[in-house]
Amino acid sequence: MIYKLHPSEYGEWKRWYPELINSELEIISDNMHDIYYYIGNSDYVVGISSTVLFEAVEFDVGIMIIKERDYRKAEILYQNGFASLITSESELEEKVVCGCNGKQRVGDKNLFMKNSVENIKRELKKILIS
């Protein structure tokens, strides 16, 4: 599991989030890859009210919103079936294990899919063969 910091948090995250220092999470505190790289390589996106939750709707990922602080900023997502609202770690684990993430597709296909390079190669082969 990773925790991708917002670029404004890079310099001070250890002071602001001391509980993350010795956690089992991989903390991403640089711009080696943008957030879309991480969403595109994920199965789930978990957050409270980040705009990333809204951006993740276009990817083939499960979206979980933690019922904390200002979670209601993202209520349109769980009210419309694009995300699941969770209240505990055990509920998150349960939803991941059973695959019950509440994710609906936007239209027939998502705009972004995992394995983009392989998908492009496959589509190019189809074009070249025909």
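The values are calculated or read from the model by the stated rules, or taken from the named source; none is laboratory data. What you are looking at is a predicted structure, and each value in this text was computed from that prediction instead of being measured. Note that we place each Cβ from the backbone using ideal geometry, even for glycine, and neighbour counts take in every protein chain shown.
General observations
- In the range 113-121 there is at least one residue that is outside any helix (DSSP H, G or I) and modelled with pLDDT under 80.
- Residues of the range 26-75 that are aliphatic (A, V, I, L, M) and exposed (fewer than 13 other Cβ atoms within 10 Å of the Cβ): M32 alone.
- G81, sole failed condition from (1) assigned to a helix (DSSP H, G or I); (2) more than 15 Å from the chain's Cα centre (by Cα): (1)
- For the range 18-41, a tally of residues being without any contact (Cβ under 8 Å) to a residue 24 or more places away in the chain and closer than 23 Å to E91 by Cα returns 4.
- Taking the range 13-25 as the range and being farther than 17 Å from V46 by Cα and either hydrophobic (A, V, I, L, M, F, W, C) or exposed (fewer than 11 other Cβ atoms within 10 Å of the Cβ) (or both) as the test, the residues that pass are W13, R15, W16, P18, E19, I21, N22.
- Residue in the range 86-101 that is among the aliphatic types (A, V, I, L, M), modelled with pLDDT of 90 or more, surrounded by 12 or more Cβ atoms within 10 Å (Cβ to Cβ) and not assigned by TED's automatic domain parsing to the domain that holds I2 present: yes
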